[in-house]
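Engineer: My questions will all concern the structure given below.
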Amino acid sequence: MPINLLAFSEELLLQNIPFRTEVLEQQELVPEPRVTALLNLAGGESLFYLQRRRFVNDSPIILTNNYVRLDLCPGIEQEDFTKQRLLSCMEKKFGLHLSWARRTFEARAANAEQSEWLNLPVGAPLMYLEQIVYLEDGRPVECSDIWIPGDRFRLSSITARGGKQTLTNSWRRGDLTSHEVRVRAQGQMNDARTNEFTVL
């Protein structure tokens with residue numbers, strides 16, 4: 001079964017972890033070819049770029065680069081993202097129906113920029129996450145590059161042998177809270193399969 005699509009800030013809220021957000025940069029720009037391809041943009045088409053880091057107990061734990069299609073969110077570059085969450089803004093202000101996302105996880109070593117923003121030595125282990133968020137009609141609307149210090153991240157998986165359902169690598173928005181997914185997985189091991197990440 002797909003996992004509920006939650007932003008990392010929403011996961012922190014569900015875990016009752018206080019945090020604050022610092023916006024490092026936000027602007028309209030023409031992205032690198034990789035992002036252009038992921039969002040199905042025309043060559044040279046601009047988008048909204050947002051770079052932030054989140055703090056827990058005054059320690060930076062997440063660095064995110066978000067890329068949002070401007071044709072679907074015109075004027076989003078004027079929003080204050082120290083006071084609101086990106087996915088929530090896209091849904092509530094721009095009326096988008098965010099449906100699902102594909103997430104790819106990689107272990108990486110911190111480069112100079114990531115080391116500076118996360119207060120880590122160059123080469124420190126990071127968990128890197130690439131996420132692409134899709135609308136109900138299948139169009140990609142946002143993609144993210146996310147870095148989390150290796151000692152602050154844990155990904156666990158619950159699987160079951162047999163049954164008709166299969167494990168997917170997609171996250172859906174609006175189905176279940178993370179807590180409900182965990183409870184279902186623990187109570188119905190033959191019926192449920194789930195991945196869960198925890199910010200430590």
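Engineer: For the stretch 96-107, state whether one or more residues are out of contact with any His (no Cβ under 6 Å at 6 or more places or on another chain), at pLDDT 95 or above and surrounded by fewer than 18 Cβ atoms within 10 Å (Cβ to Cβ).
Structural biologist: no
Engineer: Which residues, taken from the stretch 32-88, are part of a loop (DSSP other than H, G, I, E, B), crowded, with 20+ Cβ neighbours inside 10 Å and in contact with a strand residue (DSSP E or B) (Cβ under 6 Å, 6 or more places away or on another chain)?
Structural biologist: Within the stretch 32-88, just L39 meets the criteria.
Engineer: For L5, indicate whether it is touching a strand residue (DSSP E or B) at 6+ places or on another chain (Cβ under 8 Å), crowded, with 16+ Cβ neighbours inside 10 Å and at pLDDT 95 or above.
Structural biologist: So L5 fails the test.
Engineer: Now for a separate question. If you check R184 against the conditions, is it among the basic types (K, R), within 19 Å of the chain's Cα centre (by Cα) and either exposed (fewer than 12 other Cβ atoms within 10 Å of the Cβ) or modelled with pLDDT under 90 (or both)?
Structural biologist: The answer is no for R184.
The values are calculated or read from the model by the stated rules, or taken from the named source; none is laboratory data. A quick note: this is a predicted structure, and the numbers were derived from the prediction, not measured. Reconstructed Cβ throughout: ideal geometry from the backbone, glycine too, with neighbour counts over all protein chains shown.
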